[in-house]
Every structure is written in structure tokens, then in C-alpha cells.
Amino acid sequence: MSRSIDQTHDPSLRSWVESANQKDTDFPIQNLPFGVFRHRNSAQSSRIGVAIGDQILDLTSCYQSGLLQELPEQLQAACTASNLNPLMALGNWASSALRTCLSELLRWNGQKPLSETKLLLPMVEVELLLPANIGDYTDFYASIFHATNVGKLFRPDNPLLPNYKYVPVGYHGRASSIVPSGTPIKRPQGQRKPPEDSVPRFGPSVLLDYEVEVGFLIGAGNELGQPISIDTAESHVFGLCLVNDWSARDIQAWEYQPLGPFLGKSFATTISPWVVTLEALAPFRCPAFSRSQGDPLPLPYLSDSINTRLGGIDLKVEVLLNSAQMREQGIEPFSISHAAFRQMYWTMAQMITHHTSNGCNLRPGDLLASGTVSGAESGSQGSLLEITRRGSQPIKLPTDEMRTFLADTDEVIIRGYCEQENYARVGFGECQGIVIAAE
């Protein structure tokens with residue numbers, strides 16, 4: 001199931017790109033995530049790039065320089081595409097072969113490539129775009145801690161519905177409103193019905209929230225009517241990114257019964273621009289979440305010994321808030337919460353298997369998100385709804401500003417990384433957005 005550890009994970013590897021050798025970089029040579037970029041203020045079409053330190057390796061330039069000749073022709077062609085979909089469609093053999101090739105190309109061996117200046121671009125000089133054409137988007141609800149925290153706010157006596165421990169709950173989201181990190185988020189308008197009002201009113205959401213999630217982008221898909229088995233599920237994953245599933249809680253509360261999320265979610269979803277492959281994450285695999293005694297075992301189609309042993313990923317996520325006043329005073333973003341993806345009740349493979357169990361087909365570039373990553377401990381909640389207990393316990397920022405939900409001009413930053421002794425730190429970059437006022 002999980003990709004194997006090989007020479008590309010060697011912590012002693014160094015790159016001729018000097019910034020990739022710094023201890024605090026998200027993008028050492030052991031990472032090599034894929035993304036799509038365009039020269040800033042340029043009419044040039046988008047290109048595929050690989051993050052290495054504070055630089056981007058331009059794969060089209062690598063191809064034109066003859067540095068990818070050892071790869072199969074179809075893989076070379078995919079490297080020159082305008083997005084990652086052709087590369088994703090080839091399957092995990094392609095990302096694995098390309099990763100090995102790029103690791104050797106970027107490795108310090110006593111000299112730099114002659115065409116070095118043509119291959120690299122500083123990240124600060126480019127615009128990072130969506131990594132793929134995302135045809136479909138599905139959002140899950142895989143954290144039992146998040147589900148319980150939210151359930152207690154609305155159903156104190158029955159916080160967790162009876163199906164939760166049997167089925168990975170999810171809903172189909174809106175792919176057209178997925179935006180890359182850095183895109184401003186306009187406060188949505190919609191119907192809201194405060195408890196004190198007898199009828200709903202229409203206007204800007206006053207309970208705007210974020211949700212920190214982990215997304216996984218599909219590589220090779222499956223045919224309609226052909227489910228994906230639990231033991232092959234991860235072979236259909238190209239890589240992971242960070243997700244902010246912006247949520248208008250007041251719109252959501254009024255609309256969600258009986259069919260679930262709709263306009264309270266579909267106005268925007270932000271994703272980080274770099275896709276970290278499962279190959280890069282191989283050293284950070286861990287057991288699936290250990291269920292409490294008395295919890296039902298997963299049904300047979302969701303059960304697999306390898307998934308039980310290695311279905312988790314030891315990925316840490318952090319959320320920071322930065323108000324306009326903080327920025328004006330030069331105050332660093334304020335850390336709101338830390339959580340661990342390894343604590344998700346359902347694994348990535350189980351979500352994929354259940355998603356396709358009825359014959360639903362997934363396609364290259366489809367995005368599946370984990371749902372809010374929350375833990376049991378204080379400070380590990382992945383949304384303001386949980387942290388402020390539906391607005392009843394405001395948080396104080398370093399400027400003494402108070403927040404129950406997001407204000408206009410607030411900036412939300414999500415970061416993620418994997419760390420383990422004897423391996424290089426692998427980061428995901430940032431998933432960032434600033435709230436702007438409704439028109």
C-alpha cells in the first residue's frame with residue numbers, strides 16, 4: 001500500500017540549491033513536491049514546477065535541456081503540460097520514476113549543472129496556481145473528535161450519530177470555487193435565521209469560520225462501476241495538500257437540514273499549491289487510529305492488515321490568525337491550534353474505498369479532503385466553531401482584539417509538516433487567505 005523508503009529519503013542528501021539544505025525549509029531535496037506556476041505579470045502559459053528550497057525547478061526547461069531523456073516519452077511529455085493532470089493519469093510508477101530522476105538531478109555531487117540558471121526560478125517571482133484541473137471535490141468528516149465536538153454543541157445528549165463509526169461520512173463539494181493559496185476570500189451572503197428571529201433574513205454571514213483539513217489528489221482513476229479495494233486504494237493517490245474549507249456557520253445552520261452542506265460551504269475552498277507525493281511521505285507512515293474498546297470494527301470492505309499497520313500519516317497541522325491591526329503593528333501571526341492527522345478516525349484508503357464502493361468513478365485531479373483535523377486535547381481543535389464553543393468563549397489576540405468568528409481583513413494561515421528522527425523534515429508550505437468584505 002504505502003510507498004517504500006529508498007535512497008531519495010536519505011537524510012544526508014544535499015542539493016546544489018543551497019536554500020534546500022537549510023534545516024527550517026519546507027522543501028528539502030527529500031521532499032520535491034509538484035505544483036503549477038506562471039511567471040508573474042507574464043502572458044506565458046502555466047508550467048509544472050518542483051519546489052526545492054526557495055526556488056522552483058521548471059520541468060519544461062529540464063525537458064528542453066535534455067535532462068529527462070532517461071524517462072519514458074509519455075512521462076517526458078507529461079512534464080511539459082500546463083497542469084498536473086497528465087502526470088497524475090499515468091499512475092504512481094510515473095511520479096516515483098520522476099522523483100528519482102529529479103533527486104539525482106538536484107543532488108550535490110561536486111558541481112552544478114551547466115544550465116542551472118535556466119532551470120530555476122525564485123518562488124517570489126512567480127504566481128502559484130491550482131496544481132490540477134479539479135473536476136470533482138468530495139469533503140469527508142473523518143475526525144471523531146471534530147464530529148463529537150460539533151455534535152455536543154448542537155446535540156449535547158447525542159453528539160455522535162450512530163452511523164459515524166461504521167461509514168466514512170462525506171458530501172460532494174463545489175470544485176469550481178476551489179482557489180489557490182493567497183486568493184482573497186469574499187465574505188459570503190445568504191439566508192440566516194438567528195434564534196431570536198421568527199423568519200430568516202438575507203445578508204452577509206456573521207459567523208464566518210475556517211476548517212483545517214488535509215486533501216489528497218487522485219492520480220490514476222477507476223472506471224465507472226468498478227470499486228477500488230482497500231488494498232489498492234493508495235495506488236490511486238498522487239499526493240497530499242493542505243485545505244481550508246471556509247464555512248459560513250449561520251448560513252450552514254439554516255440550510256443543512258435535510259440534505260446537508262450547500263451555500264454555507266460552496267463560496268470558497270482554499271488549497272496549498274504544492275502537492276507532496278506519497279513517495280516523499282513514506283518515512284512518516286504510522287498505524288491507523290486505534291479505536292476505543294467497544295467501537296465496532298470496520299466492515300470487511302474497509303478492513304486491511306496493511307491499512308491497520310500503516311494507514312496513518314504522522315502529519316502535523318497548525319492554524320495561525322493575523323488581523324489587520326497585528327499586521328500594522330508588525331506582530332507575528334498568532335497560533336490558534338495544533339493538531340495531528342494521525343488521529344483521524346478513518347484513513348485515506350478507507351475514504352477512497354468507501355467513495356468508490358457503489359461504483360463511483362474517480363478521475364485524475366479529483367480532490368478528496370479529510371474533513372476538519374481536530375484532536376481530543378485543548379488547543380487541537382481545527383475550527384473556530386469548536387475553539388470558541390459556537391462563539392461563547394472568545395479568543396484574545398496579542399492586540400487584545402477578541403474573536404469568536406472571522407472579521408473582515410483577518411488572515412488565516414494553515415501550515416503542515418512531517419518530522420521524524422533520522423529523516424529530513426518534509427513541509428507542505430502554506431494555505432493562506434484573507435477575508436474581504438461582502439459587496
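Bear in mind these aren't lab numbers, they're just calculated from the coordinates by the rules spelled out. Here the structure is a predicted model, which is why all the values come from computation and not from measurement. Neighbour counts are summed over all protein chains in view; Cβ atoms, including those assigned to glycine, are modelled from backbone coordinates with ideal geometry.
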Amide N proximity, region 247-272 versus Arg201 label position 7 Å along Cα-to-Cβ, cut-off under 18 Å: 249-255
Please label the shape of region 251-325 as rounded, prolate or oblate, based on the square roots a ≥ b ≥ c of the eigenvalues of the alpha-carbon gyration tensor (a/c under 1.5 means rounded; beyond that, a/b larger than b/c means prolate, else oblate). oblate
By the Cα gyration tensor axes a ≥ b ≥ c (a/c under 1.5 gives rounded; else a/b larger than b/c gives prolate, otherwise oblate), the shape of region 139-286 is prolate
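Before rounding to the nearest 500, sum -39500 (n - 2.57) across all DSSP H runs of length at least 4 in the chain and divide by the residue total; then give [θ] at 222 nm in deg cm²/dmol.
On the way: 11 runs with 79 residues, N = 439.
Computed mean residue ellipticity for the chain: -4500 deg cm²/dmol.
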Give the separation of the Cα centroids, region 390-439 to region 68-111, in Å. 34 Å
Which lysines, if any, have their Cα less than 30 Å from the Cα of Lys186, not counting same-chain residues under 8 positions apart? Lys152, Lys265, Lys316, Lys396
Quick one: check the C-alpha center-to-center distance for region 336-369 versus region 261-276, whole angstrom. 15 Å
Can you tell me the orientation of helix 144-154 relative to the chain, as the angle in degrees between its alpha-carbon axis and the longest Cα principal axis, to the nearest 10? 20 degrees
Given Cβ point charges of +1 (Lys, Arg) and -1 (Asp, Glu) and nothing else, what value in debye, to the nearest 20, does the dipole of region 137-436 about its Cα centre take? 480 debye
Does region 1-93 come out rounded, prolate or oblate by the C-alpha gyration tensor, with a ≥ b ≥ c the root eigenvalues, rounded set by a/c under 1.5 and, if not, prolate when a/b is larger than b/c and oblate if not? oblate
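Neighbour counts of other C-beta atoms within 10 Å: give me Tyr417, Tyr166, Tyr345 arranged from fewest to most.
Working: Tyr417 18, Tyr166 13, Tyr345 21.
By the 10 Å Cβ count, ascending: Tyr166, Tyr417, Tyr345.
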If the cut-off is 15 Å between C-alpha atoms, which aspartates and glutamates fall inside it for Lys165, apart from same-chain ones fewer than 8 positions away? Asp295
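With the alpha-carbon atoms as the only input, what is the per residue convex hull volume for region 330-390 in Å³? Each step should come with its number before you reach the end.
Numbers: hull volume 8.7 nm³, N = 61.
In region 330-390, the Cα hull volume divided by residue count equals 143 Å³.
Tell me, what are the semi-axes, in whole angstrom and largest first, of the equivalent ellipsoid of region 151-220 as set by the roots of 5 times the Cα gyration tensor eigenvalues?
Numbers: eigenvalues 144, 120, 24 Å².
Working through the eigenvalues yields semi-axes of 27, 25, 11 Å.
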How high is the relative contact order of the chain? Use alpha-carbon pairs under 8 Å, at least six apart in sequence, and give a whole percent. 22 percent
Stokes-Einstein diffusion coefficient for region 317-427 at 25 °C in a medium of 0.890 mPa s, Rh from the Kirkwood formula over Cα pairs: what value in µm²/s? 148 µm²/s
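Please arrange Ser370, Ser380 by counting, for each residue, the other beta carbons lying within 10 Å of its beta carbon, fewest first.
Numbers: Ser370 29, Ser380 20.
The fewest-first ordering by Cβ neighbours comes to Ser380, Ser370.
Just to confirm a number: summing +1 for Lys and Arg and -1 for Asp and Glu over residues other than Thr100 whose beta-carbon lies under 14 angstrom from that of Thr100, what do you get? Don't jump to the answer; show the numbers that get you there.
Working: positive: Arg3, Arg99, Arg107; negative: Asp6, Asp10, Glu70, Glu104, Glu279.
Neighbourhood net charge equals -2.
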Return the whole-Å distance between the Cα centroid of region 280-314 and the Cα centroid of region 118-180. 20 Å
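Charges only on Cβ, +1 for Lys and Arg, -1 for Asp and Glu: so what's the dipole of region 59-214 about the Cα centre, in debye to the nearest 20? Each step should come with its number before you reach the end.
Details: 13 positive and 14 negative charges, 76 e Å.
Computed charge dipole of region 59-214: roughly 360 debye.
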Select from Ala340, Pro180, Phe405 the residue farthest towards the positive end of the dipole of region 137-436; place +1 on Cβ of Lys and Arg, -1 on Cβ of Asp and Glu, and compute about the Cα centre. Phe405
To test your reading of the geometry: what angle, between 0 and 90 degrees and rounded to tens, separates the Cα axis of helix 92-106 from the longest principal axis of the chain? 60 degrees
Excluding residues fewer than 8 places away in the same chain, name every one of the lysines whose C-alpha is closer than 30 Å to that of Lys118. Lys23
Karplus-derived HN-Hα couplings along region 422-435 (A = 6.51, B = -1.76, C = 1.60, θ = phi - 60°), whole Hz, x at Gly and Pro: 6, 9, 6, 5, 10, x, 10, x, 10, 10, 10, x, 10, 7
Which entry in (i) 86, 62, 46; (ii) 71, 55, 39; (iii) 62, 60, 42 is this structure's computed Cα extents along the principal axes in Å? (ii)
Most exposed to least, judged by fewest other Cβ atoms within 10 Å, Trp108, Trp346 sort to Trp108, Trp346
Over region 167-248, what is the relative contact order in percent, taking alpha-carbon pairs closer than 8 angstrom and at least six residues apart? 28 percent
